[in-house]
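To start, the structure itself, in structure tokens.
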Amino acid sequence: MTSAAVTELAAATNEHLAHISNTLIYSAMAVYTLAFFAYIAEWLFGSRSKVGRTAAALTETKKKAEAPAVTVKKAGGTAVLERPKVVVRSAAGARDVPDGPGAHGGDVQGDMYGRIAVSLTVLAFLVEFGGVLARALSVKRAPWGNMYEFNITFSTVAVGVYLVLLLLKKNIRWLGLPLITTVLLDLGLAVTVLYTASDQLVPALHSYWLYIHVSTAIFCGAVFYVGAVATILYLFKDAYENKLASGGTPGRFANSVLDRLPAAASLDKFAYRVNAAVFPLWTFTIIAGAIWAGDAWGRYWGWDPKETWSFITWVAYACYLHARATAGWKGRKAAYLALIAFGCWLFNYYGVNIFVSGKHSYSGV
Amino acid sequence: MSTTSKTTEPDKAPNAGEDQDLGAAGSQLSTAPAEEATGLPSLGVIGWARWFWRQLTSMRVALLLLLLLSLGAIPGSLIPQTGIDETKVADFRDRHGTLAPIYDKLGLFHVYSSVWFSAIYILLFVSLIGCIVPRTWQFVGQLRGRPPGAPRRLTRLPAYTTWRTGAEPEQVREAALAVLKKRRFRARTVGDAVAAEKGYLREAGNLAFHIALIVMLIAFAWGQLFKSEGNKLILEGDGFANTLTQYDDFKSGNLFSQDDLDAFSFNLKDFTGTYELTGPNRGTPRTYQAKVTYSVGAYGKEKTTTIKVNEPLKIGDSKVYLVSHGYAPVVTVRDAKGDVVMDHEAVSLLPLDSNVTSSGAIKVMDGYRNAKGEKEQLGFNAFFLPTYGGKGSTMLSQFPALLNPMLALSAYHGDLGVDSGIPQSVYQLDKANLKEFKGSDGKLFKKQLTVGQTMTLPDGAGSVTFNGIKEWAGFQVTRQPASGWALAGAVVAIFGLAGSLFIQRRRVWVRAVKGADGITVVEMAGLGRSESAKVPEELGDLAAILYDRAPGAPDADDSADSSDTPDPQVVPAEGAEKQ
Ligand code: HEM
């Protein structure tokens, strides 16, 4: 074969792969849509059960024992190590509210739909992952060259984070519906507005720091996103609990939906953990970016809009972490800071790429 | 408050009392400054100063300053900045006649070096230092101190467990001490209980992080003060020595001095650019590199290397970046008599767009005589397209590589004004004292040339031959000292941060006393700095180990609840499960 023929053949394969990638992404969207309906079904069936745990916990006069009961757990079989049971007591000032049962609300049919939804999510995740992989193979590089690729990778990672948390047996299925809803939005935006045919990168993007910087940035974004969803739900649940605690009667919808979520304190703690866990990685992302900028543009920090907004996002999250450590700023105020911080992250991604021109001009739109 | 209160928020009141109960046990679990009431001082100047200092170094104000810092950074990302793009600023000034002076007053065109932005971060860092110094001392004190004794009622703590055992209290305490020490707790026996603490690395990490922030800031400021940045455009085959005079333009920090320049020189051997030929990104660079030979010091040995976009040449503190590329048509100019006045000279032109449509000027300064034999100067406006679309196409290049090069010249004669003492751009003609050559149509004389073609000036005034094309590469030489410090600070910051966020500082107490019935009661409790699932988990692990060494004894009121299968080997009878 002549070299021209080889290149042509390679080009054809690449186009073929890019095509496969597109098909997979569309298929993933279809399966996510099915998962979306299954989650809806879970919530709907779950609404049949009248749980009202939160209300019970908050309105009943508590017959708390003076001291936590003493328990020594004795394992039945001989193989299990004996260990005394640890009694956990929530911190001062915290409401003693049990976590909700989850979207299915204890309803058997609801639970079944929930399981179907998770299975569909796994399937969609695999298909989408395949789509991202095919895209990467078609361009022979990491799939992070433009906003279309960011979006598809981002949603894959966000769903991946969710599935890993499920796998670790965390009480997190309640995240399913809001997560899949936004994944569908994200993918819809990707295939319509942001679509860019697969192509190589400009030389400024040829650097292994790109792989490090961008992959951690996407991962951080996905985790921050999970944290933000938990924070928003915390705000709702907290308002709900407050209302109950002060003797109010929340609306039927609130009763039905919010009662099934974990307790506000659990949501808050979950959001904090998620944000705190990923903050060092976000710090690292910015530093990796600075190193890359040092090699590509001759200065490691130049207040380019993208750099500036990464910094703003970083400071906003640092604010949030400080707020959590400061009396008087815990709870709702800190939660607002977390949302502002995530807003900064979002703006850095969409806003700066689209409205502000800077050196990071790779958005492809 | 007391437990008799019957409000609808039953938790708050009793808990307040309970917390006081914890007293010393929970103290000094961190070195975070206590939040003080915002009451105003009634003292004199010193009182006020002290009050101000306390405010400045409080977490609340730190939080506020952090918020302000992020808010303050926003305008700089939305308004054009002189430090980044001067032309955009000029453009903005032209378009916003009323806004621009206001922005100027507020320093909004250079936010990151403006007074107010500096004020925020300097205050923040003063606050940071004011926060760190006492915290460090306190931490050292805590390292030397010992974990506080057990609180009276361990049941009040967030994680708690207890069991009865046949072992003696002293035995249990000894075992507990050994177990805790093995788990790298700092432990000691106080009275009837063992007190232990672990996780000091959290505080160390936190301090390291905040100190690293200061190091980073200083390194950044140092870099700004001593930095230098110069640009040089070099033709293939030409060279450059790193001295101030050789630069086309040069910027430096306030404290930079010429002696700071690293001594080196280099020659551009070859520039290679290849571009995407097809597809939507046609014309996007694929390879973009410059082969150079360089030598360090005055008489260094010559070495060869390739400079690419992400791979600068590093010499000392300096880095040489490949930042641009363009074309330089090679021309020969003859005067009226046919004498060569400009011999195969390459004239660098500046690229205007991504397809390297280029423009510039060819200036013939001396040696030229016109048809009348008078001394004169020649000037040409040059426009160059590496890929010309052909007749009737726009005067914009279609592709960045040399597929169909075309040089368009328009000709002037007279005085170039180069001797007037006013510095002028080599890429532009000063037409004040220049006259146009007129074509046969009476308009400005223009001609489009392909390589090898010659343009004959009207009235036998001479000719210009387009001999060929050379390429040039633009280099930026930057020197940003202390970037190593910035990097080191960053690395420490990350590890410190990870330590401060992932490590829990926690305390464990084990109390063993003889109960009224003469059987030893073991109580264990754990306290973390913040509520965490890890503390109870760890307490459970510790309890399991200790339980092994001090196995359970029958509960006093166990008789009713012995349905479990007995396990004669381990315990004589069951512990009870009750809530
Ligand atoms: C550039 C500014 C600053 C940044 C980016 C920053 C960032 C952080 C971060 C990420 C943490 C970890 C939070 C946690 O442990 O949950 C932290 C903790 C802390 N910071 Fe800062 N900080 C800054 C300035 C300050 C200042 C000015 C003060 C002093 C008033 C301060 C005092 C503290 C304290 C006391 C803690 C520990 C809180 C605790 O023990 O939980 N920080 N900081």
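Looking at the stretch B:340-368, which of its residues are surrounded by fewer than 19 Cβ atoms within 10 Å (Cβ to Cβ) and not in a strand (DSSP E or B)? Passing the criteria: B:Leu352, B:Asp353, B:Ser354, B:Met365, B:Asp366, B:Gly367.
Count of the stretch A:256-290 residues, restricted to those that are of a type in the set (S, T, N, Q) and farther than 28 Å from A:Trp43 by Cβ, is 2. Scan the stretch A:291-310 and tell me whether some residue there is at pLDDT 90 or above, β-branched (Val, Ile, Thr) and either away from the ligand (no atom under 16 Å from the Cβ) or under 17 Å from the mean Cα position of the chain (by Cα) (or both). Checked the stretch A:291-310: no residue is at pLDDT 90 or above, β-branched (Val, Ile, Thr) and either away from the ligand (no atom under 16 Å from the Cβ) or under 17 Å from the mean Cα position of the chain (by Cα) (or both). For the stretch B:517-524, check the following and say yes or no: at least one residue is within 15 Å of the ligand (Cβ to nearest atom) and at pLDDT 90 or above. Within the stretch B:517-524, not a single residue is within 15 Å of the ligand (Cβ to nearest atom) and at pLDDT 90 or above.
Matching residues to (1) away from chain A (no Cβ under 14 Å); (2) modelled with pLDDT of 90 or more:
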position: B:Val309; (1), (2): no, no
position: B:Pro312; (1), (2): no, no
position: B:Asp317; (1), (2): no, no
position: B:Val320; (1), (2): no, yes
position: B:Pro329; (1), (2): yes, yes
position: B:Val340; (1), (2): yes, yes
position: B:Ala346; (1), (2): yes, yes
position: B:Leu349; (1), (2): yes, yes
position: B:Asp353; (1), (2): yes, no
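Of the residues in the stretch A:324-331, at least one is without any contact (Cβ under 8 Å) to a residue 40 or more places away in the chain, within 20 Å of B:Ser70 (Cβ to Cβ) and in a helix (DSSP H, G or I).
Test B:Arg50 against the stated conditions and say whether it is within 30 Å of B:Glu203 (Cα to Cα), basic (Lys, Arg) and away from chain A (no Cβ under 13 Å). For B:Arg50, the condition - within 30 Å of B:Glu203 (Cα to Cα), basic (Lys, Arg) and away from chain A (no Cβ under 13 Å) - is met. Criterion first (without any contact (Cβ under 8 Å) to a residue 40 or more places away in the chain and more than 14 Å from B:Ala411 (Cβ to Cβ)) does B:Asp339 satisfy it? Yes: the conditions hold for B:Asp339. Evaluate the stretch A:210-229: report whether one residue or more is modelled with pLDDT under 85 and not aliphatic (A, V, I, L, M). Taking every residue of the stretch A:210-229 in turn, at least one turns out to be modelled with pLDDT under 85 and not aliphatic (A, V, I, L, M).
Could we say that B:Phe185 is more than 28 Å from B:Asp541 (Cα to Cα) and among the hydrophobic types (A, V, I, L, M, F, W, C) here? Against the criterion (more than 28 Å from B:Asp541 (Cα to Cα) and among the hydrophobic types (A, V, I, L, M, F, W, C)), B:Phe185 does not qualify.
So which of A:Tyr148, A:Tyr208 ends up being of a type outside the set (A, V, I, L, M) and crowded, with 16+ Cβ neighbours inside 10 Å?
Details: A:Tyr208 fails: crowded, with 16+ Cβ neighbours inside 10 Å.
None of the others qualify; the one that does is A:Tyr148.
Residue-wise test of (1) under 30 Å from A:Leu189 (Cβ atoms); (2) at pLDDT 60 or above.
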site	(1), (2)
A:Met1	no, no
A:Ala4	no, no
A:Glu8	no, no
A:Ala12	yes, no
A:Thr23	yes, yes
A:Phe45	no, yes
A:Thr54	no, yes
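Which residues, taken from the stretch B:65-78, are surrounded by fewer than 18 Cβ atoms within 10 Å (Cβ to Cβ) and more than 7 Å from chain A (Cβ to nearest Cβ)? Passing the criteria: only B:Leu71. Residues in the stretch A:246-279 that are surrounded by fewer than 18 Cβ atoms within 10 Å (Cβ to Cβ) and more than 16 Å from the ligand (Cβ to nearest atom): A:Ser246, A:Gly247, A:Gly248, A:Thr249, A:Gly251, A:Arg252, A:Phe253, A:Ala254. On the stretch given as the stretch B:79-99, residues that are surrounded by 16 or more Cβ atoms within 10 Å (Cβ to Cβ) and assigned to a helix (DSSP H, G or I) total 3. Each residue in the stretch B:122-161 was checked for being charged (D, E, K, R) and crowded, with 18+ Cβ neighbours inside 10 Å, and 2 of them qualify. Taking the criterion of being away from the ligand (no atom under 16 Å from the Cβ), within 14 Å of chain A (Cβ to nearest Cβ) and in contact (Cβ under 8 Å) with a residue 12 or more places away in the chain, the residues of the stretch B:95-152 that qualify are B:Leu108, B:Phe109, B:His110, B:Val111, B:Ser113, B:Pro151, B:Arg152. Restricted to the stretch B:154-264, the set of strands (runs of 3 or more DSSP E) holding at least 1 residues that are more than 16 Å from the ligand (Cβ to nearest atom) and within 25 Å of B:Leu527 (Cβ to Cβ) comprises B:159-165, B:186-190, B:193-198.
The values are calculated or read from the model by the stated rules, or taken from the named source; none is laboratory data. Predicted model only: the values in this text are computed from it and were never measured. Cβ atoms come from the backbone with ideal geometry, glycine included; neighbour counts cover every protein chain shown.
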